[in-house]
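**Student:** Sharing a structure here in structure tokens format.
The values are calculated or read from the model by the stated rules, or taken from the named source; none is laboratory data. Since the model is a prediction, treat every value here as computed from it, not as a measurement. As a convention, Cβ positions derive from the backbone with ideal geometry for all residues, glycine included, and neighbour counts pool all protein chains shown. Areas reflect the complete protein model, heavy atoms only, side chains present, ligands, DNA and RNA absent. Shrake-Rupley method; radii C 1.70, N 1.55, O 1.52, S 1.80 Å.
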Amino acid sequence: MNLNTKEVIYKMLTENTGIHMCDSGGEDGRNWQRNQKKSFKDFNNEPEITKDDDLIYKSLFHHLSNSVEYLPDLTNQLNKWIKKDKYDAFKNPDGRSNSWHDVEDFILEYVYPEQDKVNCTYTYNFDNCLSQDIQFLSCGDMYENNIIALSIHNGADARGGLTDYKFFKIDPDMFYIMDSEYYQDSEVAWILEQNQHGSLEQL
């Protein structure tokens with residue numbers, strides 16, 4: 001995993017996604033507020049897996065660092081596409097923004113034009129062990145179409161507080177391992193006990 005990808009993940013985790021009525025979190029209850037108190041080194045050195053009684057938590061920083069590769073050219077293309085017809089509440093209410101539906105249009109036009117549907121997955125909607133929720137847009141077969149647009153939920157309330165989308169190439173066999181039951185496996189549990197940082201490199 002190149003350092004640039006890790007740096008982008010860190011910037012996303014600390015991205016200020018605002019304070020508004022759909023994301024009540026008090027003065028310090030939003031993910032971005034807590035994450036901004038941590039350095040890149042803090043994230044990089046935190047355990048990959050932690051246990052609290054019977055609950056297992058997987059660091060989102062490590063999960064993404066081990067399973068995705070940042071695609072700067074495609075992300076820059078998306079941002080330029082948005083800028084050409086940028087949304088403005090008064091001057092251009094039908095314009096583009098870095099939102100689910102507009103990024104969906106971009107994917108169908110420039111990333112997977114042979115597809116006719118984009119799948120939107122929000123981990124908040126199903127059981128998982130990630131330390132923070134993510135939302136990602138994908139198309140078709142996960143192995144053939146391994147490019148996704150990824151957003152991190154940095155707010156408090158699930159209805160708001162999502163970061164801007166960025167494009168990544170995923171390793172499907174690593175990216176989709178979000179189920180806590182996987183880490184209950186005896187072999188995995190043994191490896192985690194041997195490694196204070198919870199590295200899964202031995203698997």
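**Student:** Roughly how many Å² of L108 are accessible to a 1.4 Å probe, to the nearest 10?
**Tutor:** 50
**Student:** What is the distance, in nm, between label points placed 7 Å from the Cα along the Cα-to-Cβ direction at D171 and at K41?
**Tutor:** Each label point is offset 7 Å from its Cα along the Cβ direction, giving 2.7 nm.
**Student:** Sticking with this one: So how do 151-157, 125-131 stack up, highest first, on mean other-Cβ count within 10 Å?
**Tutor:** Top of the packing list down: 151-157, 125-131.
**Student:** Evaluate Rg over Rh across segment 37-131, taking Cα atoms for both radii and Kirkwood's formula for Rh.
**Tutor:** Result: Rg/Rh = 1.09.
**Student:** Could you tell me whether segment 56-101 comes out rounded, prolate or oblate from its Cα gyration tensor? Rule is a ≥ b ≥ c as square roots of the eigenvalues, rounded for a/c under 1.5, then prolate if a/b exceeds b/c, otherwise oblate.
**Tutor:** Note, shape of segment 56-101 comes out oblate.
**Student:** How large, in percent, is the carbon and sulfur part of the accessible surface of segment 55-191 at a probe radius of 1.4 Å?
**Tutor:** 47
**Student:** Let me ask another. Keeping every protein chain present and rolling a 1.4 Å probe, give me the accessible area per residue for segment 2-133 in Å².
**Tutor:** On a per-residue basis, 60 Å².
**Student:** Name the lysines eligible as straight-distance cross-link partners of K91: C-alpha to C-alpha under 18 Å, and not fewer than 8 places from it in the same chain.
**Tutor:** In chain and number order, the partners are K83.
**Student:** Among the lysines, which fall within straight-line cross-link reach of K41, defined as a Cα-Cα distance under 19 Å, with same-chain neighbours fewer than 8 residues apart omitted?
**Tutor:** K6, K11, K58
**Student:** Then there is this: Can you check what the net charge comes to around R96, using other residues whose Cβ is under 12 Å from the Cβ of R96 (Lys, Arg +1; Asp, Glu -1)?
**Tutor:** Net charge around R96: -3.
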